Amino acid sequence: MICDILKESEKWLALKLESYEASLKRQTKLNFPQIEDALSFWVEKAIDNNITISGELLVQKAHNFATLLDVQDFKGSNGWVAGFKKRHNIECYMRHGEAASAPLEDLDDMRKNIQNILKDYSPNDIFNVDETGLYWKMEPNRTLSTGPGKKLMLININ
């Protein structure tokens, strides 16, 4: 009703136009608001600390918070994770790519330098390391984030 909207006028006026809540036609009640708040706070801190976040990690952290908050019926399904990401504007981003791995202004000097180093080796002894499978223990190059940050070079892959 109109009187309910007027009672909460400060809340509605403070709402950002690009936020998820602004796009809703009706307000829905969250089933697990304590878990939602704790997880959103954790995600903010993880992004600030340059931690790689995945959907599986979100589920694991949500279950940890459910245990700490003594919430019994929390499942942490794929649908809940998808809704959480949508409510908090979290998308999958690429941390870095091969195109961003070297400064372009130094490329000519770097090529000459590598050619000088490799001139003493046979072409059979030269190989590209990233095509050998030696990177299997590396940190993933995709992460969940609220947007391209200043600490990470993020490329949206959606």
Pair list, Cβ under 6 Å, 6 or more apart: segment 34-50 residue farther than 22 Å from Asp70 by Cβ, other residue small (Gly, Ala, Ser): Ile47/Ser145
I'm trying to understand the selection: among the residues of segment 67-87, which are surrounded by 11 or more Cβ atoms within 10 Å (Cβ to Cβ) and small (Gly, Ala, Ser)? Gly76, Ala82, Gly83
Counting only residues that are closer than 17 Å to Arg142 by Cα and either within 12 Å of the chain's Cα centre (by Cα) or at pLDDT 90 or above (or both), give me the helices (runs of 4 or more DSSP H) lying completely in segment 1-100 with at least 1 of them. 33-48, 55-68, 78-87
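The values are calculated or read from the model by the stated rules, or taken from the named source; none is laboratory data. These figures come from a predicted structure and were not determined experimentally. Because the Cβ atoms are built from the backbone with ideal geometry, glycine has one as well, and the counts that use them run over all protein chains shown.
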